[in-house]
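Every number in this text was worked out from the coordinates using simple rules, so none of it is lab data. As the structure is a computational prediction, the values presented were derived from the model and not from experiment. Neighbour counts are summed over all protein chains in view; Cβ atoms, including those assigned to glycine, are modelled from backbone coordinates with ideal geometry.
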Amino acid sequence: MDLALLRTFVTVHRAGSFTRAAALLGLSQPAVTGQIRTLERQLGRPLFLRQARGVTPTTIGDELAHRAAPHLDALVEIAEAGLEEQTGIRTLHLAGLPEFTSLRALPALTPLISQGLALRASFGNAEETLEGLAAGHHDLAITTARPRGGLLTATPLCDEEHVLVASPRWAARLGPSVLRDGHVVLEQLPVVEVHESLPLVSRYWSAIFDSRPAAAGTVIAPDLRAVLESAAAGAGLAVLPRYLCAEALEGGRLVALLDPPVPPLRTYFLVVRTGTMALPHIARAHEWLLRAAVGW
């Protein structure tokens, strides 16, 4: 049996789509379709059921993928290990949210540079990051969304605590009774956020006040570091991850408006394309980040 056909088959099985598999393999969609049909003719069995939005493996397809994928991954690992020995340097393409990637992931991976790893970082939201990973533009992604399907494999990395903050000037104007009603807080203070939909404030209000924010954002900046600086300068209240605002809280530039017994949390995931953990440089970076996250 042709290994190239098996490689294409396993990629389609993981991607759930001829189109996505073609992008990952660097082939045209008709070429992928043709290879799968050739393999089906050789086996005398259908491997996929064609649907409007992709393909679903048959029981024979699932069985073949279960048997073939580990061996193909092992061959890739052998080939990549040989390439690594020849070149001495492997490049890891990392993608994630700008703040977390900049302040935590990249510093944590820096020691691997002395072991022959080069880093290339890309920033984007969870949807953009997962789409880029699925298309083969990235090797490893850090997202706040767990992907579905078999193309991508996610591992929980760490949780971040969200804190409702404002500058000392604004905090001094609020009494404890005001904080019992989130709507009242938002009516009195302007809001600083990363998007018009107020994703962080809305999540916080839902968890703590069991309500939705009624106000619109006064300052919208698509980077939490800009949100932090705007809130510290007095632009309004904001919801920030504690790791990002801890120094500002300790230094008095920001004040935590609430201290709930169970603060809202958001989980980060390490995501790879299924099968690529066979590549040593991806596996090493993945393991390194998981170890670093223990202290986060």
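The table that follows gives values for the structure above.
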read-out	value
Residue among Leu224, Leu249, Leu240 with the largest mean-square fluctuation in a Gaussian network model of the chain, springs linking Cα atoms under 10 Å	Leu249
Dipole magnitude of the chain about its Cα centre (Cβ charges: Lys, Arg +1; Asp, Glu -1), debye to nearest 20	600 debye
Given charges at beta-carbon only (K, R positive; D, E negative), |dipole| of region 3-85 in Debye	620 debye
Tensor-based shape of region 195-263 (alpha-carbon gyration tensor, a/c under 1.5 rounded, otherwise prolate or oblate)	oblate
Bridge type composition, region 89-296 - antiparallel percent by DSSP, nearest 5	60 percent
For Thr267, Thr143, Thr274, Thr101, order by how many other beta-carbon atoms lie within 10 Å, fewest first	Thr267, Thr274, Thr101, Thr143
Packing-based exposure ordering (other Cβ within 10 Å, fewest first) of Arg50, Arg203	Arg50, Arg203
DSSP H segments from the chain that extend 24 Å or more along their own axis, Cα-based, with Kyte-Doolittle mean of -1.0 or above	59-87
Cα centroid separation - region 157-171 against region 94-109, whole Å	20 Å
C-alpha center-to-center spacing [region 219-296, region 1-15] in angstrom	38 Å
Max mean-square fluctuation residue, GNM over the chain, Cα-Cα springs under 10 Å, options Gly136, Gly150, Gly251	Gly251
Region 134-278, dipole about Cα centre (Lys/Arg Cβ +1, Asp/Glu Cβ -1), debye to the nearest 20	200 debye
